[in-house]
Amino acid sequence: MRPDWKTCFRICVSVFALYLCIFYWETLSKLLGTLLSALSPLILGLVIAYVLNILMSVYERHYFPKSRKPWVKNSRPVVCLLAAILTLIAIVTLVVDLVVPELISCVKLLLSSVEPAVEKLLGSQWIIELLPADLLQKLAAIDWGDLIQKAVKVVGAGLGSAAGAVYATVSSVISSVVNVFLAIIFAVYLLLSRDTLQQQGRRLLCCYLPKTVNQKVLHWLAVFNDCFHRYIVGQCLEAVILGLLCMVGMTVFRFPYAMMIGTLIGFTALIPIAGAYIGAAVGAVMILTVSPLKALLFLLFIVVLQQLEGNLIYPKVVGSSIGLPALWVLSAVTVGGGLMGILGMLLGVPIAAALYRLLREDVLRREGAKKAK
């Protein structure tokens, strides 16, 4: 069977595109980077719109759901979108207000407690027995408070000398702020015209794709959307549960900064697996300013809480909702973190869950076809 001219044309175009990618990869990568930079406000707007759409859908289910009055139908998108934006702003403001001031005060307290801690350490019996007498005299003669002040001044001077570099980056900061503002505006327009855009997208796919391919694309999009939706909702719910358990446990065991550290651990728990440990490290440093023993006991408490969360809460809340085994969750977090850092850790699990579901469906379909023969 001789190939027709369309097949030959496609083969030639594919070979030529492969040639360009191999021999002009550097130029193509620069063009791709420029294109992604230009599209960054739109991509960020899509992300913001997707997150806000989850909150917006919750409010839509409770905003006169059975009413068919025209004013209810017309006002529902605007009211629910406004409520979703205010909810997201309130959550971020609450977390920042609880965590940042206490964190700054703890850092200041930690710096001020270095001098008495060093003096107490040098006066301990085991240090006296361990170090030579002349070295102890030299260490005792050091004015640690003055040394810390000088170190702070050196850091401040270094920051001051970097003012030129900071000034040079002002334009990029302003550009970032403008991009974020454009992304928010784009997200608002997307959500307000959500139904119209969905209808237009379905019409385009129906017109330009064969029926079988159109059905597959729509099914893939539905699977990815369902996995991302379930993952975001489950991860947020798991973070809230973990934060509340941490707060209650710290209150029961009389650890300091219970509310603030519980909020911090709940916020960092949005990062799968490793997030809670990041919050625990910051919390341990803060408790260290009050009592080293309590800081050690707090780390022990977090280890026990993480075991409870990893074996009971996470599989029930997140693992079962996305249908991904724990082994593949860990693999997705590891690979995603290695490729794209924290962003990869966040995106790796839902993408792996969607691919896992599609692969399982295809395997079941093929097995059913073989049994039917």
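The values are calculated or read from the model by the stated rules, or taken from the named source; none is laboratory data. These numbers were taken from a predicted model, which means no experiment stands behind them. Here the Cβ positions follow ideal geometry from the backbone for every residue, glycine too, while neighbour counts run over all protein chains shown.
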Please give the number of the condition ARG68 fails out of (1) in contact (Cβ under 8 Å) with a residue 40 or more places away in the chain; (2) in a loop (DSSP other than H, G, I, E, B).
-> (1)
Entirely in region 255-368, the helices (runs of 4 or more DSSP H) that have 1 or more residues that are farther than 20 Å from PRO101 by Cα and at pLDDT 75 or above | 275-288, 292-308
Give the residue, chosen from VAL15, VAL51, that is out of contact with any strand residue (DSSP E or B) (no Cβ under 8 Å at 6 or more places or on another chain), under 19 Å from LEU86 (Cβ atoms) and of a type outside the set (Lys, Arg).
-> VAL51
Considering region 326-360 alone, what residues qualify as being closer than 19 Å to ARG230 by Cα, of a type outside the set (A, V, I, L, M, F, W, C) and without any contact (Cβ under 8 Å) to a residue 12 or more places away in the chain?
-> GLY344, ARG360
Could you grab me the full set of residues in region 212-270 that are within 30 Å of LEU358 (Cα to Cα) and aromatic (Phe, Trp, Tyr)?
-> TRP220, PHE224, PHE228, TYR231
All positions within region 215-263 that are under 16 Å from the mean Cα position of the chain (by Cα), charged (D, E, K, R) and more than 30 Å from GLN200 (Cβ to Cβ) | GLU238
Assess whether PHE224 counts as being assigned to a helix (DSSP H, G or I), surrounded by fewer than 19 Cβ atoms within 10 Å (Cβ to Cβ) and aromatic (Phe, Trp, Tyr).
-> yes
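I'd like to verify a number: residues in region 273-299 that are polar (S, T, N, Q) and surrounded by 18 or more Cβ atoms within 10 Å (Cβ to Cβ), how many?
1
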Conditions (1) of a type in the set (A, V, I, L, M, F, W, C); (2) modelled with pLDDT of 80 or more; (3) closer than 29 Å to GLY283 by Cβ: number failed by LEU109 | (2)
